[in-house]
1. List the relative contact order of the range 9-53 as a percent without decimals, with contacts defined as Cα pairs under 8 Å and 6+ residues apart.
2. Please report the net charge: other residues with Cβ closer than 12 Å to the Cβ of Leu51, K and R +1, D and E -1.
3. In nm, what is the difference between 0.36 nm times the number of residues separating Gln22 and Arg45 and their Cα-Cα distance?
4. Just to confirm the filter: which trypsin sites (Lys or Arg not before Pro) across the chain are DSSP coil and have at most 15 other Cβ within 10 angstrom of their Cβ?
5. Per residue, how big is the convex hull around the C-alpha atoms of the range 9-53? Give it to me in cubic angstrom, could you?
6. Give the residue list of GluC sites (Glu not before Pro) in the range 1-59 that are DSSP loop and have at most 16 other beta-carbon atoms within 10 angstrom.
7. Tell me, what % of the accessible area of the chain is carbon and sulfur with a 1.4 angstrom probe?
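The values are calculated or read from the model by the stated rules, or taken from the named source; none is laboratory data. Predicted, not measured: the structure shown is a model, and the values here were computed from it. When we count neighbours, we look across all protein chains shown, and the Cβ atoms used for this are built from the backbone with ideal geometry, even at glycine. Just so you know, the surface numbers come from the protein's heavy atoms only, side chains and all, with ligands and any DNA or RNA stripped out. Shrake-Rupley method; radii C 1.70, N 1.55, O 1.52, S 1.80 Å.
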Amino acid sequence: MSNDTHGTCGSCDHFGEGVPQQQLVQIRMNPEAGAEVMSRCAAPRNAEIHLSVGPKSGCDAWTPAA
Ligand code: SF4
């Protein structure tokens, strides 16, 4: 089932592996700030296929970053 209210990877708790903390904070405030950054998605369903995503990507497993 689709969730039309989810955000993008840049504001997702599963995004950020390998991204410096300061840059990750900037991306969470503004996904455009790191449009070129790629990170492996840590959501279990995506991690097993080693999915890499950018801040403006998204999926139904989106979980708001703490
Ligand atoms: S692919 Fe989905 S679960 Fe992974 S970081 Fe993006 S929105 Fe989150």
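1. Details: 50 pairs, mean separation 17.4, N = 45.
About 39 percent, as a whole number.
2. Numbers: positive: Arg40, Arg45; negative: Glu17, Glu48.
Once positives and negatives cancel, what remains is 0.
3. Working it through step by step, the gained length comes to 5.6 nm.
4. On the way: sites: Arg28, Arg40, Arg45, Lys56; in loops: Lys56.
For trypsin sites (Lys or Arg not before Pro) across the chain that sit outside H, G, I, E and B with at most 15 neighbouring Cβ atoms in 10 Å, the list reads Lys56.
5. On the way: hull volume 2.6 nm³, N = 45.
Convex hull of Cα atoms, per residue: 57 Å³.
6. On the way: sites: Glu17, Glu32, Glu36, Glu48; in loops: Glu17, Glu36, Glu48.
Taking the range 1-59 and a limit of 16 other Cβ atoms within 10 Å, the loop GluC sites (Glu not before Pro) found are Glu17, Glu36, Glu48.
7. 53
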